[in-house]
Structures are given as C-alpha cells and as structure tokens.
Amino acid sequence: MRPELTAASGGSPCGDRSAPAAPDWEAFWSRIERLPTEVCDGCTDCYLRCAGELQLTHHEFASVRRFLREHGLMPLARTPSRGPLDPCRFLRSDHFCAIYPVRPVICRLFGLVEWLPCPKGHSVPCLQDGPALIQAYAEFPRATYAEWEQRLATEEGAHANY
Ligand code: SF4
C-alpha cells in the first residue's frame, strides 16, 4: 500500500489483465516535496556518504541538467564516471551539494529513513511511509547522469539525420 500513489500506479484489485499503469511521477513528487526539512541543521557532515555514481530518473536528470545549465556548471557534470568510493560528481570541495535545490530523491531521504541515518544523530527515522517511498521510487527507470546524457545525444543525433 502506497498512500497517495496507488491511484495512479495500481491496477484493478479484481484481476484486470491490462498492462499496469506507468508510475506517476507527479503524484510521487508531490509527496517528496512535502518531506520534512526541519530535522536537518545543515551541518554537511553527511558529505562522506555522497559517494559513487547516482542513479537518476529521467525527470531528475532533466531538472539537474537544466539547473547545471542555468548556473554554468555543465563541466561539473562531465567528469568521468565515479567508482563506489569516489565523491559524488555533484559534491563541491566545501562539502556542499552543487545541485542541492534539485537533488535526487535518494538524497532528500537522507536522515529520514532508518537505512540512511544522519551521522550525528541529529535527525531521527521519522517517515512512516519511507519503505513505500523507496519502493515507489524503484519503479521509475533510472540511469546515471552520463548515461542519460548519452541517450539524449543519441536521440538528438537520430533526429538530426532526418
Ligand atoms: S547529489 Fe548532492 S546530496 Fe546527492 S549524493 Fe551528490 S552531493 Fe550528495
């Protein structure tokens, strides 16, 4: 059961054989936008967990790409792929997130669910629907920033050939 998400993504309980509806990003995002923020004091001590290569949904990729362009940060996004222990490509040298206003869902859940605890214990696992949110998030296709860029370049190349 996923409160506020079932109507858009669920099928009929009576055994409807039609293909399941695609997950509804707008409904999902409306829940994400209401995540509590007051539990974080902004100390940035969690930056050590900002490692490896993020997997983004297409909506997240589009938001991040737009943000990077608007702020002249595209070279930041073009750094080589990161290993699991390398810093996230969006982590700044001062330990702040360069794309904080448009950071992906997994980053927004930090400190709010049991398996992503605040290293200082400043926040507490408080989301009753945390597991459901993760489950819903997992339904959206995701890829790394570089992979989405590659797909976009391929699509643009294909259109240019028409
Ligand atoms: S996008 Fe920002 S918050 Fe998320 S892992 Fe990277 S630096 Fe950290």
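What follows draws every value from the coordinates through simple rules; no lab data is involved. These figures come from a predicted structure and were not determined experimentally. Cβ sites come from the backbone with ideal geometry, for glycine too, and all protein chains shown count toward neighbours.
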Protection proxy (average C-beta count within 10 Å per residue), highest first, orders 72-84, 141-153, 55-67 as 55-67, 141-153, 72-84
State, as an integer percentage, the relative contact order of region 41-156 based on alpha-carbon contacts under 8 Å between residues 6 or more apart. 34
